[in-house]
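What follows is a single structure, written as structure tokens, with notes after it.
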């Protein structure tokens, strides 16, 4: 109001005074650019985390594959050489103790089977690490792969490992079938 009591003609309130005023075009573009950068940074962080997971899983698989090969070699070496060495030792012991050829062969064969079975079991146990289980569960959460139907969504707080365990318990160890009756490899 002016001193004479009349309302001012054509005067506009200042933009800073109106708290509810819409942002200007430049400010809207700035906010959009900042939101875009934030979204890109989040996507980059997710990509880095997924890359780290894949690299770690492949590293574990590579290590497990090497150990699998090593234990397989041990199983083969012991399967072949222990039979030969024990046979020679048992033949010598048989001669000294008066044992028969049959008993000597049986003892050598049992020892060879035990060592071969132990090394074979260890090889199969380490071979499980070559299946990239953690990576497959995370890709399933993102909707990729054959496990996508069994895993929680990416925005869920539910654990993928727990979901995989529930699937295993629900199927009682039998493989889940997909599409044409093909087994889904467990996570």
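Derivation of every value follows stated rules applied to the coordinates shown; laboratory data play no part. Quick caveat, the model's predicted, so the values are computed rather than measured. Using ideal geometry, Cβ is built from the backbone for each residue, glycine included, and neighbour counts are taken over all protein chains shown.
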- prompt: If we count other beta carbons within 10 Å of each Cβ, what is the order of 157, 129, fewest first?
  reply: 157, 129
task: Determine, for 126, 121, the number of other Cβ atoms within 10 Å of each Cβ, and report the residues in order from fewest to most.
output: 121, 126
field: Value of relative contact order over segment 107-156, rounded to a whole percent, pairs C-alpha under 8 Å and six or more apart
entry: 19 percent
message: Using the Cα atoms of segment 122-175, I'd like the radius of gyration and the largest Cα-Cα distance, Dmax, both in angstrom.
response: 12.0, 38
message: Would you calculate the convex hull of the Cα atoms in segment 67-167 and tell me its volume per residue in Å³?
response: 123 Å³
